[in-house]
Amino acid sequence: RANMKPVTGTSQVTCTAPVNIAVIKYWGKRDERLVLPINPSLSVTLSQDQLCARTTVAASLDFKKDRIWLNGQEQSIDAPRLQKCLGEIRRLARKRKHEEERMGDLLGCCVHICSENNFPTAAGLASSAAGYACLVQSLAKLFHIDGDVSHIARQGSGSACRSMYGGFVEWTMGKMEDGSDSIAKQIAPADHWPELRVLVVVVNAGKKAVGSTEGMQTTVKTSALIKYRAEHVVPSRQEEMRQAVLERDFQTFGEITMKDSNQFHATCLDTYPPIFYLNETSKHIIHLVHRYNQHHGKIRAAYTFDAGPNAVLYLLQEDLPEVLALFHHFFPATTNNSERQFVRGLPDVQRKELSADLLDSVGLEPSPGSVQYIIHTKAGEDPQVLTDPQQALLDENGLPK
Ligand code: DP6
């Protein structure tokens, strides 16, 4: 518990939290207020070396009110989801106060929160999941709350509950009315499948699409397909996917990942009025992956898309040289997105010489500049506490550095 002083002055905690990418998608709530899903979901938590949110929270009797800064800008603390997370943490802390001497005056303090992402928000990556997971983890540490707090992160943003754990994570639907059993659980640790690699393909996109909260509301209201999906497709898929992960069965893992992404986007098209998250580049990536897999007669790469046009590819390490070479060939960088930085993250791998046969099988017209860059990463750990005060985002007065 380094980095925390008893509350005579300011106590402060800094954490980082990961992004997660679902292979069984969450889309649709049965309870808006508690953020309870209509189906279970399953995701891979990504390494924080490449993508993470960082948050510092401080509590002091000197603070006049609760305040929050996001990516350098002060924001309203009254945002309902933020209030829900803060309220839930304080409620839990109050419940435990009698057994926790460490709690001291904390409950009488206002808090300052400062948070940022180490990746451009404009990239449209799952920033709310990492952000809320980081907020809840930091507050839980600050208020000395042990045990699972994924049910609190869930109320910030549904997918955030899965970012509370590392590796391969399942979000169970739960049955309880108060949502206390709708929580995230790790099914396998980050090092369970070391050969599994992740490429986040950042697509050059125009204007922002419909947000997920609003999008899924309209889907639940208007789509018959989403009901069928939740009742008759996801339950067995979730089981199959869990098994595929446990057995490191990439064929099954990849096939279900692609099918589930496609079905999620089909429910978006079935929404009235329809929602389109994929753009032309997304569709080219889908074609590329299928033709590549077909060429080899097995699944070597699997795509998945969230509420935007960026692709996330899952693949095995041994196939990286060929897959990266394909992206360089069909989505070459232009001078605007310099070649040097086209692949970021884990050390770049030697690209494979592509056979004329394979290029012919893929058969796409190269489309320079339509992919901005690619982040090469892998599965990673749960939220971490940073003990070095230099890494804190708030100074000793509780103001952004
Ligand atoms: C497509 O968790 O962002 O990424 O609960 O309304 O905050 P809210 O939605 P959010 O939805 C994520 C949807 C998704 C699929 C997924 O991550 O499972």
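The values are calculated or read from the model by the stated rules, or taken from the named source; none is laboratory data. Everything numeric in this text was worked out from a predicted model, so none of it was measured. We place every Cβ from the backbone using ideal geometry, glycine too, and count neighbours over all the protein chains shown.
Filtered by the rule that a residue be within 24 Å of the chain's Cα centre (by Cα), away from the ligand (no atom under 16 Å from the Cβ) and small (Gly, Ala, Ser), segment 251-307 gives Gly254, Ala301.
Does segment 71-90 contain any residue that is in contact with a Cys (Cβ under 8 Å, 6 or more places away or on another chain), part of a loop (DSSP other than H, G, I, E, B), without any contact (Cβ under 8 Å) to a residue 60 or more places away in the chain and away from the ligand (no atom under 16 Å from the Cβ)? Within segment 71-90, not a single residue is in contact with a Cys (Cβ under 8 Å, 6 or more places away or on another chain), part of a loop (DSSP other than H, G, I, E, B), without any contact (Cβ under 8 Å) to a residue 60 or more places away in the chain and away from the ligand (no atom under 16 Å from the Cβ). Take the residues in segment 24-61 that are near the ligand (Cβ under 9 Å from one of its atoms) and not in a loop (DSSP other than H, G, I, E, B); name whichever of them is surrounded by the fewest Cβ atoms within 10 Å (Cβ to Cβ). By that ranking, first place goes to Lys29. Restricting attention to segment 240-276, the residues that are buried (at least 21 other Cβ atoms within 10 Å of the Cβ) and aromatic (Phe, Trp, Tyr) add up to 3. Within segment 245-255, is even one residue among the hydrophobic types (A, V, I, L, M, F, W, C) and not assigned by TED's automatic domain parsing to the domain that holds Phe327? No, segment 245-255 contains no residue that is among the hydrophobic types (A, V, I, L, M, F, W, C) and not assigned by TED's automatic domain parsing to the domain that holds Phe327.
The set of residues from segment 293-317 being modelled with pLDDT under 95 and assigned to a strand (DSSP E or B) is empty. Residues in segment 207-227 that are within 22 Å of the chain's Cα centre (by Cα), touching a residue at least 12 places away in the same chain (Cβ under 8 Å) and not in a helix (DSSP H, G or I): 4 in all. Screening the candidates Ala153, Ala230 for the property of being touching a residue at least 60 places away in the same chain (Cβ under 8 Å), within 16 Å of the ligand (Cβ to nearest atom) and either among the charged types (D, E, K, R) or closer than 25 Å to Arg90 by Cα (or both) yields one hit, Ala153.
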